[in-house]
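Step one of this worksheet: look at the structure below.
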Amino acid sequence: MLKQRTDLLIAGTHLISMDPAVGDIPRADLLVRDGRIADVGPHVANREIGDVEIIDGAGTVTLPGFVDTHWHLWNSLLRGTVGDRPGTDYFAVKRALAPHFEVDDFYWAARLGLAEAVGGGITTVHNFDHNVRGPEDADANIQAHLDSGLRGRFSYGPPDSAPPEVTNDLVDLAALRTRWPAERLDGRLDFGIAVRGPYRTPPDVYEREWQVARSLGLPITMHCDRCLREEGCRSCGLVRLEELGLLGEDVQIIHAVHAGEEDIRALARTRTRVSLSPMTEMRTMGFPLVTELLDAGVPVSLSLDTLAMPTSADVLGHLRTIVSVEAARTGSGTVTPRRLLQMATIDGAKDLGLGDVTGSLTPGKRADITIMRSSDINLVLSGDPVEALVYTGQIDNIDTVIADGRILKRHGRLSLADGVRNPVAVSAARRDALLRRAAAAGDWQWSAPATTTTDPR
Ligand SMILES: [Zn+2]
């Protein structure tokens, strides 16, 4: 059950709108009504605004909720199982445990990931599901997304480790909008297809997937990690994808850390979207080409990828890492704190076709909002607020998160509707049971990591 939407006024906050027409306003009010940003400006509180909840914005910075454009929510339960021991790398663990997921595991894995998203100020998530074993798995993910209160896209993929000749379930993909008509989606979710593409499937498979997706008007997302673990790779074959007609504004390419200059030009020519997940890329592939892609005019957004890898929903921590890595790697100055914040908000929204819906604090857009305490120890001596957030901001500073007008985090804690089970506690129990089933089947030989469920936040 979802919380009710709250009509509210954030009064006297420092507003970082990420909309050039609105700009940054040092002492602003922001009015939310019926889930929408009704008004923004210095003196909204002085007008007749009726009976609304007041959030005191003194000592806060208010910015758009972050947008994550590539996240495998289903394997959030694998956090803590991936490690440095032989046989516990991400891909080995994923292959071993994926077959043992029950439908409820998909639901609670997605709820766990989305709860962490809320904690980190993320209000929109693209769920790239590469373990759909049947319609009920897809439905569990979709229901979890709706129950979380967040916005996003569900992209329908194949079962994990499916043989190359297996095509996505295109019949069920086409049925999604019948099974999940607009009135069930609360205006917060839409669909896409997650494909393996020419790197991993034969032409009859990927050509059919592209053709059906485009006939249904569904966006296409695909990893581009062909050179993974290959030495000296200087191309990831995107020119060939352009020649095959597989790139375009309806296509999102993920990673592309091995893209050469010609690949990048192909992305720019076709306005293909690129989602970078710097934390997982630097762990397993190489440096994300943030500067090169931006300099070429490629639309770039940011993503977590998976909670199973060594990462968390600490968006500001990721931005801080990127700005430092790019300074060390290129020294070009392209990647500034504000440019990164733009990638994590409005550019992510545009990647998902939601540029008119979210990603900036623009009157008329849906109320997806993060409020941070700038009076905390690590922010109080700040100069430029955007630089301060990116250079020293932390999850602990995130006081309030509002998604589609619903308050999902308040005073630093998740805010659940009465009677709703806490996804953090349920997910911990489900993960332990998953490991026991896998161990009984001989697919998991390590002892289950200890989980802590006391006072989950
Ligand atoms: Zn991925």
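The values are calculated or read from the model by the stated rules, or taken from the named source; none is laboratory data. Predicted model, so just to flag it, every value in this text is computed and none were measured. In this analysis, Cβ positions are derived from the backbone assuming ideal geometry, glycine residues included, and neighbour counts consider all displayed protein chains.
Table for the structure above
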| read-out | value |
| --- | --- |
| Given (1) assigned to a helix (DSSP H, G or I); (2) more than 21 Å from the chain's Cα centre (by Cα); (3) of a type in the set (S, T, N, Q), index of the condition Ser161 fails | (1) |
| Matching residues in the range 181-195 - criterion: being surrounded by fewer than 20 Cβ atoms within 10 Å (Cβ to Cβ) and farther than 17 Å from Thr124 by Cα | Pro181, Ala182, Glu183, Arg184 |
| Residues satisfying the stated conditions in the range 158-179, i.e. buried (at least 18 other Cβ atoms within 10 Å of the Cβ) and closer than 19 Å to Leu352 by Cα | Leu173, Leu176 |
| Residue check, Val386 under 22 Å from Gly59 (Cα atoms) and within 18 Å of the chain's Cα centre (by Cα) | no |
| Residues of the range 315-330 satisfying the condition of being of a type in the set (Gly, Ala, Ser) and within 21 Å of Val118 (Cβ to Cβ) | Gly317 |
| Pairs with Cβ under 7 Å, 6+ apart, first in the range 219-243 and at positive phi, second among the charged types (D, E, K, R) and at pLDDT below 80 | Gly237/Arg226 |
| Selected residue [more than 16 Å from the ligand (Cβ to nearest atom), part of a loop (DSSP other than H, G, I, E, B) and either within 20 Å of Ala313 (Cβ to Cβ) or among the β-branched types (Val, Ile, Thr) (or both)] from Thr167, Thr123, Thr178 | Thr167 |
| Listing of helices (runs of 4 or more DSSP H) fully contained in the range 263-345 that carry 3 or more residues being more than 16 Å from the ligand (Cβ to nearest atom) and within 15 Å of the chain's Cα centre (by Cα) | 315-329, 337-344 |
| Of residues in the range 241-262 being in a helix (DSSP H, G or I) and touching a helix residue (DSSP H, G or I) at 6+ places or on another chain (Cβ under 7 Å), the one surrounded by the fewest Cβ atoms within 10 Å (Cβ to Cβ) | Glu262 |
| Test: residue in the range 341-360 that is out of contact with any strand residue (DSSP E or B) (no Cβ under 9 Å at 6 or more places or on another chain), in contact (Cβ under 8 Å) with a residue 40 or more places away in the chain and more than 25 Å from Thr6 (Cβ to Cβ) | yes |
| Strands (runs of 3 or more DSSP E) wholly inside the range 5-102 containing at least 1 residues that are away from the ligand (no atom under 16 Å from the Cβ) and out of contact with any helix residue (DSSP H, G or I) (no Cβ under 9 Å at 6 or more places or on another chain) | 8-16, 24-33, 36-41, 53-56, 60-64 |
